[in-house]
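**Student:** Have a look at this one before I ask anything.
The values are calculated or read from the model by the stated rules, or taken from the named source; none is laboratory data. Since we're looking at a predicted model, the values are computed, not measured. Quick reminder, even Gly has a Cβ in these numbers, built from the backbone with ideal geometry, and neighbours come from all protein chains shown.
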Amino acid sequence: MKNNVLARTRPAFQTPLLATTLAAALLAAGCASAPPFAYSVPQQPEGASGYTEKPGWATTKFAVAAANPLATDAGYQVLKAGGSAIDAAIAVQMVLTLVEPQSSGIGGGAFMLHSSGSKVEAFDGRETAPAAVDEKLFIGADGKPLAFIDGVVGGRSVGVPGTVRMLEVAHKQYGRLPWAQLFVPAITLAEGGFKVSARLNTLLKTEQHLKKDPVAAAYFYKPNGDPHDVGATLRNQPLADVLKKIASSGSKGLLEGDVAQAIVAKVQGHPTNPGKLSMADMAGYQVKKREPICHDYRAQTRDYRICGMPPPSSGAIAVGQILGILGNTAAASQPLVTGTSGVAGVPGPTPSADWLHLYTEASRLAFADRAQYLGDPDFVQAPGGNWMSLLDPAYLADRAKLIAAQPGGQSMKVAKPGLPGGMKSAYAPMPDQPEYGTSHISIVDAYGNAIAMTTTIEDAFGARQMVRGFLLNNELTDFSFAPTDAEGKPVANRVQPNKRPRSSMAPTLVFDKATGQLVMSGGSPGGALIIHYTAKTIYGVLNWGMMPQQAINLPNFGSLNGPSLLEEKRFAPATVEALKARGAEVREMNMTSGLQAITRGQAHGTPLWLGGADPRREGVVMGD
């Protein structure tokens with residue numbers, strides 16, 4: 001990696017142009033004793049799609065990593081003003097609603113881990129199914145599951161959004177700046193305008209369904225049907241008005257009143273694919289505080305504690321299973337292969353074919369269990385009565401034996417689920433189904449707090465329904481379209497009223513087991529591949545001793561319990577052929593992760609926060 005440390009202050013492209021302060025009406029909603037937070041609009045870069053090398057960042061006091069420079073800058077300014085990690089996360093998310101609308105926003109849901117230094121808490125802001133749905137929500141008139149996109153576009157797929165209420169609950173516990181002040185950056189940018197990034201422009205060019213919604217078409221596209229040009233200024237007064245409501249009245253500004261009525265009317269009134277969302281569903285949304293999934297992990301003679309989201313997320317369990325199974329193989333003895341990979345002229349190391357074989361086999365085993373057991377814990381019983389049965393060291397050691405047992409070191413191709421807790425499941429495995437979307441935020445503040453938050457509206461541009469300047473989620477398509485198997489056995493992740501769909505989101509906090517010190521905050525978007533992107537980065541940092549940017553830069557890989565997936569143009573032909581020789585079906589494909597990570601480090605005895613952002617997207621890290 002060329003330059004591991006950038007300037008510890010704002011990059012040159014983020015010089016302030018003008019200063020704004022919150023209106024007195026909004027200040028009244030916060031803490032009168034706190035000094036007003038002054039937000040400066042940064043110069044707005046034209047972020048690139050594709051692969052853009054990033055050097056990594058180092059800070060000493062605090063750091064924020066997010067998927068868009070404007071969002072990162074908003075979090076930076078909040079931290080600079082004395083805000084907490086939660087405060088910064090709120091500012092970041094509101095700006096992401098505006099500048100990265102295809103991935104997350106106030107119309108979606110999120111999972112967040114928070115560490116206060118002494119404890120880790122898991123905040124579940126996942127969308128919920130309306131009370132009026134049933135398990136046949138995605139079954140067509142012919143009695144068969146709908147085609148995926150037919151379920152996505154329209155009102156049918158929209159779940160009750162939970163992100164704003166989750167952030168509100170967390171802010172009441174850990175906020176330091178007034179709630180209302182944290183909306184200033186997004187309101188300012190929505191009213192004053194922001195520049196269309198290359199990534200947003202590229203996604204709009206290939207999007208097929210967004211134009212079907214007249215509101216979205218009028219906002220995202222020019223009169224001739226082309227998306228707004230890169231660098232063109234977009235303004236979003238309707239979103240600014242909604243954000244002012246939320247700033248002054250909290251989550252009720254979204255989930256009750258005229259904004260909620262507009263959402264429900266849009267969902268129920270869709271001309272061809274209406275949904276069942278109601279005002280009672282909106283007002284009744286509840287944030288869940290859950291026990292995080294934490295497990296021990298040993299790498300390079302050090303012991304760590306890795307914490308992630310429990311079900312309805314499958315992320316922490318799947319990542320933990322992959323790492324745990326690998327720990328029972330010869331993976332640790334497999335070094336990286338240097339100098340064999342490159343994109344856009346950027347050389348870099350890759351895992352060896354032998355290591356990739358072990359990783360993809362471990363992945364097949366983890367994804368077999370995921371399809372069999374994982375679902376909303378309020379509806380689905382954990383195997384053996386405890387989700388930790390899936391991470392039991394003895395169970396993972398037994399699963400690893402299945403890799404070694406393959407004759408001639410061949411791939412098992414498709415793995416079967418195990419029997420964690422020694423009990424047979426009453427559920428049928430969930431059939432393969434597409435998963436998309438999301439954005440990730442990692443933040444450490446100056447007070448010893450840290451967050452890892454993954455936030456989503458699911459597919460790119462969600463349900464393709466725009467209301468009051470923001471997009472609605474299509475999160476219900478994360479449920480199994482087929483409620484049962486051919487024999488009538490129910491799928492754990494089937495649609496049920498008031499249920500939360502299974503997720504792959506994997507926000508992760510890693511701690512030194514001996515001292516309890518935070519070692520890492522990280523996560524990624526990318527649908528089911530989130531699990532692999534996150535596991536890759538954790539493994540790179542802990543096992544291969546990489547800085548976060550180096551680990552993020554590694555080529556992507558994985559298996560969803562089928563073919564071995566490799567990021568295209570990143571692996572040597574000999575590596576591909578070696579995997580095929582082991583019997584694996586290999587698919588080289590675009591694997592656009594959006595990793596953000598912050599790790600603890602030091603230079604010349606000075607403690608540092610080291611940050612990394614994915615070169616495949618437009619995110620950056622900032623801090624002091």
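**Student:** Being surrounded by fewer than 18 Cβ atoms within 10 Å (Cβ to Cβ) and under 27 Å from Asp459 (Cβ atoms): is that true of Met505 here?
**Tutor:** It is false that Met505 is surrounded by fewer than 18 Cβ atoms within 10 Å (Cβ to Cβ) and under 27 Å from Asp459 (Cβ atoms).
**Student:** Then there's this: Mind counting the residues in region 363-415 that are acidic (Asp, Glu), assigned to a helix (DSSP H, G or I) and surrounded by fewer than 17 Cβ atoms within 10 Å (Cβ to Cβ)?
**Tutor:** The qualifying residues number 1.
**Student:** Quick one: which of Glu475, Glu568 is touching an Asp or Glu at 6+ places or on another chain (Cβ under 7 Å) and surrounded by 22 or more Cβ atoms within 10 Å (Cβ to Cβ)?
**Tutor:** On the way: Glu568 fails: surrounded by 22 or more Cβ atoms within 10 Å (Cβ to Cβ).
The conditions single out Glu475.
**Student:** While we're on this one: Would you pick out the residues in region 474-499 that are closer than 29 Å to Arg199 by Cβ, in contact with a Pro (Cβ under 6 Å, 6 or more places away or on another chain) and assigned to a loop (DSSP other than H, G, I, E, B)?
**Tutor:** Result: Phe479, single match.
**Student:** Taking helices (runs of 4 or more DSSP H) that fall entirely within region 90-199, which contain at least 2 residues that are over 18 Å from Met453 (Cα atoms)?
**Tutor:** Where helices (runs of 4 or more DSSP H) fall fully within region 90-199 and carry at least 2 residues being over 18 Å from Met453 (Cα atoms), they are 148-152, 184-192.
**Student:** Is it true that Ala190 is in contact with a Phe, Trp or Tyr (Cβ under 9 Å, 6 or more places away or on another chain) and small (Gly, Ala, Ser)?
**Tutor:** No, not satisfied.
**Student:** Would you check if Ile263 is of a type in the set (A, V, I, L, M), in a strand (DSSP E or B) and in contact with a strand residue (DSSP E or B) (Cβ under 8 Å, 6 or more places away or on another chain)?
**Tutor:** So Ile263 does not fit the description; no.
**Student:** A further question on this structure: Given the structure, is Ala584 at pLDDT below 95 and more than 18 Å from the chain's Cα centre (by Cα)?
**Tutor:** Spelling it out, it is not the case that Ala584 is at pLDDT below 95 and more than 18 Å from the chain's Cα centre (by Cα).
**Student:** Right, another one. Just wondering, is there one or more residues in region 446-462 that are more than 23 Å from the chain's Cα centre (by Cα), surrounded by fewer than 24 Cβ atoms within 10 Å (Cβ to Cβ) and either on the phi < 0 side of the Ramachandran plot or in a strand (DSSP E or B) (or both)?
**Tutor:** Yes, because at least one residue in region 446-462 is more than 23 Å from the chain's Cα centre (by Cα), surrounded by fewer than 24 Cβ atoms within 10 Å (Cβ to Cβ) and either on the phi < 0 side of the Ramachandran plot or in a strand (DSSP E or B) (or both).
**Student:** Just checking, how many residues over region 479-527 are of a type outside the set (S, T, N, Q), within 17 Å of the chain's Cα centre (by Cα) and either modelled with pLDDT under 95 or under 18 Å from Gln596 (Cβ atoms) (or both)?
**Tutor:** Residues flagged as of a type outside the set (S, T, N, Q), within 17 Å of the chain's Cα centre (by Cα) and either modelled with pLDDT under 95 or under 18 Å from Gln596 (Cβ atoms) (or both) within region 479-527 amount to 11.
**Student:** Here's a follow-up. Of (1) at pLDDT 95 or above; (2) of a type in the set (S, T, N, Q); (3) touching a strand residue (DSSP E or B) at 6+ places or on another chain (Cβ under 6 Å), Thr340 satisfies all except one. Which?
**Tutor:** Going through (1) at pLDDT 95 or above; (2) of a type in the set (S, T, N, Q); (3) touching a strand residue (DSSP E or B) at 6+ places or on another chain (Cβ under 6 Å) one by one, Thr340 breaks only (1).
**Student:** For region 427-435, does any single residue satisfy the condition of being over 26 Å from the mean Cα position of the chain (by Cα) and assigned to a loop (DSSP other than H, G, I, E, B)?
**Tutor:** Yes, that holds for at least one residue.
**Student:** Among the numbered conditions (1) surrounded by fewer than 23 Cβ atoms within 10 Å (Cβ to Cβ); (2) at pLDDT 95 or above; (3) within 24 Å of Ala299 (Cα to Cα), tell me where Gln602 comes up short.
**Tutor:** Every listed condition holds for Gln602 apart from (2).
**Student:** Could you tell me whether any residue of region 227-245 is surrounded by fewer than 16 Cβ atoms within 10 Å (Cβ to Cβ), touching a strand residue (DSSP E or B) at 6+ places or on another chain (Cβ under 8 Å) and touching a residue at least 60 places away in the same chain (Cβ under 8 Å)?
**Tutor:** Yes, region 227-245 contains a residue that is surrounded by fewer than 16 Cβ atoms within 10 Å (Cβ to Cβ), touching a strand residue (DSSP E or B) at 6+ places or on another chain (Cβ under 8 Å) and touching a residue at least 60 places away in the same chain (Cβ under 8 Å).
**Student:** I'm checking my understanding of the structure. Among residues of region 266-300 that are of a type in the set (Gly, Ala, Ser) and under 18 Å from Leu476 (Cα atoms), which one is surrounded by the fewest Cβ atoms within 10 Å (Cβ to Cβ)?
**Tutor:** Gly269
**Student:** Is region 546-559 home to any residue that is in contact with a helix residue (DSSP H, G or I) (Cβ under 8 Å, 6 or more places away or on another chain), touching a residue at least 40 places away in the same chain (Cβ under 8 Å), closer than 26 Å to Ala460 by Cβ and of a type in the set (Val, Ile, Thr)?
**Tutor:** Yes, the conditions are met somewhere in region 546-559.
**Student:** While we're here: For the structure I just gave you, tell me whether Pro615 is under 23 Å from Val444 (Cα atoms), touching a Lys or Arg at 6+ places or on another chain (Cβ under 6 Å) and part of a loop (DSSP other than H, G, I, E, B).
**Tutor:** Taking the combined requirement at face value, the residue satisfies it.
**Student:** Still on this structure, please answer the following. Looking at region 535-611, what strands (runs of 3 or more DSSP E) fall wholly within it and have at least 1 residues that are of a type outside the set (Gly, Ala, Ser) and under 24 Å from Ile403 (Cβ atoms)?
**Tutor:** Numbers: elements: 557-559, 564-567, 586-589, 596-603.
Qualifying strands (runs of 3 or more DSSP E): 557-559, 564-567, 586-589.
**Student:** Here's a check for you: in region 416-445, which residue that is under 30 Å from Gln549 (Cα atoms) and modelled with pLDDT under 95 is surrounded by the most Cβ atoms within 10 Å (Cβ to Cβ)?
**Tutor:** Out of the qualifying residues, it is Thr438.
**Student:** Quick check on region 223-244. Is at least one of its residues among the basic types (Lys, Arg) and in contact with a His (Cβ under 7 Å, 6 or more places away or on another chain)?
**Tutor:** No, every residue in region 223-244 fails to be among the basic types (Lys, Arg) and in contact with a His (Cβ under 7 Å, 6 or more places away or on another chain).
**Student:** Output the residues belonging to region 251-264 that are surrounded by fewer than 15 Cβ atoms within 10 Å (Cβ to Cβ) and without any contact (Cβ under 8 Å) to a residue 24 or more places away in the chain.
**Tutor:** Asp258, Gln261
**Student:** Another one. Does any residue of region 318-336 turn out to be of a type outside the set (S, T, N, Q) and under 26 Å from Glu135 (Cβ atoms)?
**Tutor:** yes
**Student:** Out of contact with any helix residue (DSSP H, G or I) (no Cβ under 6 Å at 6 or more places or on another chain), of a type in the set (Phe, Trp, Tyr) and surrounded by fewer than 24 Cβ atoms within 10 Å (Cβ to Cβ): does that describe Tyr174?
**Tutor:** Working: out of contact with any helix residue (DSSP H, G or I) (no Cβ under 6 Å at 6 or more places or on another chain): no; of a type in the set (Phe, Trp, Tyr): yes; surrounded by fewer than 24 Cβ atoms within 10 Å (Cβ to Cβ): yes.
Answer is no for this residue.
**Student:** Scan region 136-165 for residues that are surrounded by fewer than 20 Cβ atoms within 10 Å (Cβ to Cβ) and over 26 Å from Glu207 (Cα atoms) and jot them down.
**Tutor:** First pass over region 136-165, keeping only residues surrounded by fewer than 20 Cβ atoms within 10 Å (Cβ to Cβ): 136, 139-150.
Of everything in region 136-165, those that are surrounded by fewer than 20 Cβ atoms within 10 Å (Cβ to Cβ) and over 26 Å from Glu207 (Cα atoms) turn out to be Lys136, Ala141, Asp142, Gly143, Lys144.
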